[in-house]
Every structure is written in C-alpha cells, then in structure tokens.
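Presented below is the structure to which this report refers.
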C-alpha cells in the first residue's frame, strides 16, 4: 500500500465527469440570472444525461478496473448506468412540469438530482468498501434534501425528516459492518473480503450481518421498510418516482456485486437476505391492500418489488444477473410510466394522489386511464407485459436456489396473487362509472406524455418481445467477473 | 498506546455502537437521535482506526477520514431539515410528527 501511483483511467470516469459538468452548469446558469426559464435548466440536465450516455459508448467492449482496483467499469455497471440515466432524464422531464415540484428552486433541484445520480454511478461501479460508502452517501445526502423540496406541504417536511433520520441510522450500520468486514479480511477491496469469506470467522459474520442490515434499510426491505411508505407519500411526485427506481437499482448493484464477487455461490451467509426477501414480498403486498393514496400504494408496491428482485440472486448463478437486470428494466419502465400518468393528471395539489379521485377516470380521460391500467397490469405480472416475463425469469432462478429458493418462489407466487387484487381494484375503479366523485384534476401537458409513451412502449416491447433481451443474455451472464 | 490490545478497542467501539442504537430507539427528539447516530458512525471509525493500526494498513485510516467528512455534510443537512420542521411546528418530537401514517 502506497500513496504513489494512483492509476486513473479518464475515459472510464468520463460519464461521471460529464454529469458533474452538467450539474455545475445548471447551478451557474441558475446563478447568472433569475430570468432564466425553468425549462432551460431542466433542458441542460437532460442534455447532460445524453452527454454522459455518449461518453459511455466508447467504453463498450473494454472492461477494466480503475482507481487502483476501487472502481469497476464492466457490463454490469454499464447496464445500471444506462438505467440510472434513463431514470434521471424522466425525473427531470416530470419535474419541469410545475413549480410545486421543486419549491421554486429549479436550479438547485435539478443539480441535486444530477449529483444524486453520480452517487448511483459510483455505487454501480464500486469495488471496495470505501467507494461503496461514498456512493451511497452521495446518493442519500442529495435525496434527503430533495425529499423536502415540496416543503410548503407539511408532508414533504415530514418525509425529509424521517428519511434523513432513518437513512443515517442505516449508514451507521453500514459503517460499523464495513469496519468489522475490514477487520476480518485485512483490506477494503471486495477481493480481500472474498478471501475472508472462504473461511468465515465470527467477526466476518457479524460484519456482513450489519452490512446487510444497512443495505436492507436503503432498499426498504422488511423489517427495515417502515420509512418507505411515509417518505414516498410525502416527497414530491418526481422524487418518489426517482427513489423507487434509481435508488433501488443502485443499491441492488451493490448487493449483486457483493453477492457475486464475495460469495460467488449460494452461501449460508446469504440466508438472512432470503428471509428478508420473503417478508418483503408478504408485507409489501398485504400492506398495499388497505391504502387509499396512490403514492403510498406504490410505496408498498416497491417494497414487494424489492423482495421480488432479491429472488433473482437466489442461486447466485450467472443467469441471475440477467434476470435481475431484466426485472429492474421492466420495473423502471413500468413505475416511471405510472408516476408519469399521475404527473399528467395532477395539478400540483395533493388530491391527485388520492385513489378516490381516480374513480371513473376512463370515462373522463380514456388514454391516461388505459396507460395506467397497462402499468398496473405489468406491476402485477399479467402476460404480454414486461412484468410477466420478469417474474418468469425470477421463478427460474428461485428453483435453482435450494430450499430457500423454493420458499421464495412460494412467497413470490402468493405475493403476486395478492397484488392481482391490489392492482385489479385500482384498475376496476378507473373503469367503473362514478357518480358524485370529485373529478380528478386534469392537467394535460406535453412533458409527462413523453414519459407515459416511453414507459408504455418499454412495458409492451419487453412484454411482447422479450427475446430481444434474451439475445443479450450471454453478454450479461458474464457480467461480473 | 502500544499496550492497548485490539480487543479493548473493539469492546469500546461495540459499546459505543450499542449506546448509539439504544439512544436512537429511546429518544424522541430528532437532535438527540442525530447525536445517537453520530455515536454509531464514530464507533465504526474507532474500529476502523484500531484495525488499520493492527494491520499497519492505510485504507482503514482513509475510510475514517471519509466518514468524518461525510458526517459533517450529513449533520449540516439533517440540522437544516430539523430547523425547517421546527419553524413550521415549534415542536420537534418525532411522535408528534405523524401526519403520514397507515
């Protein structure tokens, strides 16, 4: 170990540099004049997404590890990076819609979202404990603030407070767990930890358990999920959408990389994770039944979805990564689409999230109602939607995972049946004739339509033609060394 | 401190961590809860520094520096949020802040 000779490969870091430059540019432009329209600031944000994506293209085919083995750039991280960029772009588009979303501080808001995504990039490539911690904190710190940007509403303040308290608690577990893992392995790289995992001692087991607790908090897996419905309901709509997709994806990138590089096979140390996944699937779906607020319902739904995604890791087999990425991609298109419909219909008030105001939506706004039905069918896993094939892939993995895999498969099927009722009820309500119901506020802007159409296209294409994705499976199965 | 064995450092770190967790669970004032969280973070720091000393390895020390830096940023954000809530409610007991439930 020496301080000299830090190897830096700039092309690998180019996407992060592009995003950083974009974020700083947004801040500077915002500072330059108060007369700058909000759309310009969000436009710069979306442009920096495109720039970051373009800088990723030359990396294709050149997997490498830079920063002295701390930061990996491989197929696995590229997939997550692309997913994060998609989510960032959609979130920026949805946020640009109205002032209530960003509390009037468009510049700071857009810049924070971009910096948040940089944290996600760091997480996707993190190959040692220090970088994992840095990435998680960069993502979280920006999100604590963003959760509170709807601050004229009291619920948004409450969401920010709960998020920062529980998020920092989770980081506490993560740090102490990392310290014990370091003590057990003598190094912070995942490679060193993998060597210690070969002959685990008490220190390693305790450290890994605490590390998993911290990560489960961030992923909102039961029993560490209690903050999620509150934070999802209170945060501004676009931020809720971002949390439920980008934060999950980035945290799963860490979980998968740790599972594959440290264990590389189904290990006893991962059993608590399987238990937590089963609980999440049950609690997430059963908890969603009695919700009357759509944002909160999607919050419970995201707890269940996180449980489903863990199933992909059941056998820690190469196909598991492909299954996980397929499900995450399907989930991203579906969830972003559902939130885009809500943004489309909303008028900045809180009532648009009340389920009651969606009753009879079909007769007033047939197209948004149809899109919403499609997204909810996909979340439930009805055939011909992306969610269905995602669940088929997950079940395949579950059956390769021994007795715990079978247990997770049962929980997955049971959870799916419950979710048919949860999502079916919402769709039923939208198509039932309604009398004496307060009409849903009916915004109709172009920006959310783009996101709705993109979400619907993704949900259908991945649902009807999943072989497009299967074709890339050999590419993905070798994703993590 | 050449005479202090690693186990003693770990005992103190574990005790700090436990105090932090218990404090977080028992206290209802967000500022006190943040102090409890700070204890947990520093318990991790102590363990990292102790291990780094034992291994004669810098990476543990670097982790400590990074945690300390992030903790400062985190405290700034958390306190700002507490102040924002306080200005609205004149009251920061987390049991009272429960508009969101269910």
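The values are calculated or read from the model by the stated rules, or taken from the named source; none is laboratory data. Keep in mind it's a predicted model, so treat the numbers as computed, not measured. Because the Cβ atoms are built from the backbone with ideal geometry, glycine has one as well, and the counts that use them run over all protein chains shown.
Only residues that are at the interface with chain A (Cβ under 7 Å from one of its Cβ atoms), surrounded by fewer than 24 Cβ atoms within 10 Å (Cβ to Cβ) and either farther than 22 Å from residue A:169 by Cβ or modelled with pLDDT under 95 (or both): list them for segment B:57-68, please.
B:57, B:58, B:59, B:62
Quick one: residue B:4 ticks every box in (1) facing chain A (nearest Cβ under 8 Å); (2) not in a helix (DSSP H, G or I) except a single one, so which number is it?
Residue B:4 satisfies every listed condition except (1).
Condition check ((1) modelled with pLDDT under 95; (2) on the phi > 0 side of the Ramachandran plot; (3) more than 9 Å from every other protein chain (Cβ to nearest Cβ)) across all residues:
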residue	(1), (2), (3)
B:15	no, no, yes
B:20	no, no, no
B:55	yes, no, no
B:70	no, no, no
B:82	yes, no, no
B:97	yes, no, no
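Can you go through A:112, A:88, A:141, A:92 and tell me which one is within 15 Å of the chain's Cα centre (by Cα) and either within 23 Å of residue A:25 (Cα to Cα) or surrounded by fewer than 24 Cβ atoms within 10 Å (Cβ to Cβ) (or both)? Spell out the reasoning first.
Numbers: A:112 fails: within 15 Å of the chain's Cα centre (by Cα); A:141 fails: within 15 Å of the chain's Cα centre (by Cα); A:92 fails: within 15 Å of the chain's Cα centre (by Cα).
Of A:112, A:88, A:141, A:92, the one residue that is within 15 Å of the chain's Cα centre (by Cα) and either within 23 Å of residue A:25 (Cα to Cα) or surrounded by fewer than 24 Cβ atoms within 10 Å (Cβ to Cβ) (or both) is A:88.
With the checklist (1) at pLDDT below 95; (2) touching a helix residue (DSSP H, G or I) at 6+ places or on another chain (Cβ under 8 Å); (3) within 21 Å of residue A:180 (Cβ to Cβ) in hand, flag the one item residue B:92 doesn't pass.
All conditions pass for residue B:92, except number (3).
Only residues that are farther than 20 Å from residue A:180 by Cβ and either touching a helix residue (DSSP H, G or I) at 6+ places or on another chain (Cβ under 6 Å) or part of a helix (DSSP H, G or I) (or both): list them for segment B:21-43, please. Before the answer, list the steps.
Taking segment B:21-43 and keeping what is farther than 20 Å from residue A:180 by Cβ, we get B:23, B:25-35.
Within segment B:21-43, B:23, B:25, B:26, B:27, B:30, B:31, B:32, B:33, B:34, B:35 qualify.
Does segment A:178-186 contain at least one residue that is at the interface with another protein chain (Cβ under 10 Å from one of its Cβ atoms) and not in a helix (DSSP H, G or I)?
Looking through segment A:178-186, at least one residue is at the interface with another protein chain (Cβ under 10 Å from one of its Cβ atoms) and not in a helix (DSSP H, G or I).
Criterion first (in contact (Cβ under 8 Å) with a residue 24 or more places away in the chain, on the phi < 0 side of the Ramachandran plot and in a helix (DSSP H, G or I)) does residue A:215 satisfy it?
Working: in contact (Cβ under 8 Å) with a residue 24 or more places away in the chain: yes; on the phi < 0 side of the Ramachandran plot: yes; in a helix (DSSP H, G or I): yes.
So residue A:215 passes the test.
Residues A:327, A:308, A:331, A:358: which one is over 30 Å from residue A:398 (Cβ atoms) and more than 14 Å from chain B (Cβ to nearest Cβ)?
Working: A:327 fails: over 30 Å from residue A:398 (Cβ atoms); A:308 fails: over 30 Å from residue A:398 (Cβ atoms); A:331 fails: over 30 Å from residue A:398 (Cβ atoms).
Only one candidate passes the filter, namely A:358.
Residues that are farther than 22 Å from residue A:447 by Cβ, at least 1 per element: which helices (runs of 4 or more DSSP H) completely within segment A:1-119 meet that?
Working: elements: A:10-32, A:38-56, A:75-95, A:99-102.
Fully inside segment A:1-119 and qualifying: A:10-32, A:38-56, A:75-95.
Given the options A:203, A:169, name the one that is touching a helix residue (DSSP H, G or I) at 6+ places or on another chain (Cβ under 8 Å), without any contact (Cβ under 8 Å) to a residue 24 or more places away in the chain and facing chain B (nearest Cβ under 10 Å). Walk me through it before giving the result.
Details: A:169 fails: without any contact (Cβ under 8 Å) to a residue 24 or more places away in the chain.
None of the others qualify; the one that does is A:203.
Filter segment B:38-53 for residues that are closer than 15 Å to residue A:173 by Cβ and within 7 Å of chain A (Cβ to nearest Cβ) and give the result. Talk me through it step by step, then tell me what you get.
Step one: of segment B:38-53, the residues closer than 15 Å to residue A:173 by Cβ are B:38-45, B:47-48.
Of everything in segment B:38-53, those that are closer than 15 Å to residue A:173 by Cβ and within 7 Å of chain A (Cβ to nearest Cβ) turn out to be B:40, B:41, B:43, B:44, B:47, B:48.
Yes or no, residue by residue, for (1) over 30 Å from residue B:57 (Cβ atoms); (2) surrounded by 15 or more Cβ atoms within 10 Å (Cβ to Cβ); (3) in contact (Cβ under 8 Å) with a residue 24 or more places away in the chain:
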| site | (1), (2), (3) |
| --- | --- |
| A:16 | no, yes, yes |
| A:32 | yes, no, no |
| A:41 | yes, yes, yes |
| A:51 | yes, yes, yes |
| A:59 | yes, yes, yes |
| A:66 | no, yes, yes |
| A:74 | no, yes, yes |
| A:78 | yes, yes, no |
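Buried (at least 22 other Cβ atoms within 10 Å of the Cβ) and within 11 Å of chain B (Cβ to nearest Cβ): is that true of residue A:97 in this structure? Before the answer, list the steps.
Working: buried (at least 22 other Cβ atoms within 10 Å of the Cβ): yes; within 11 Å of chain B (Cβ to nearest Cβ): no.
The answer is no for residue A:97.
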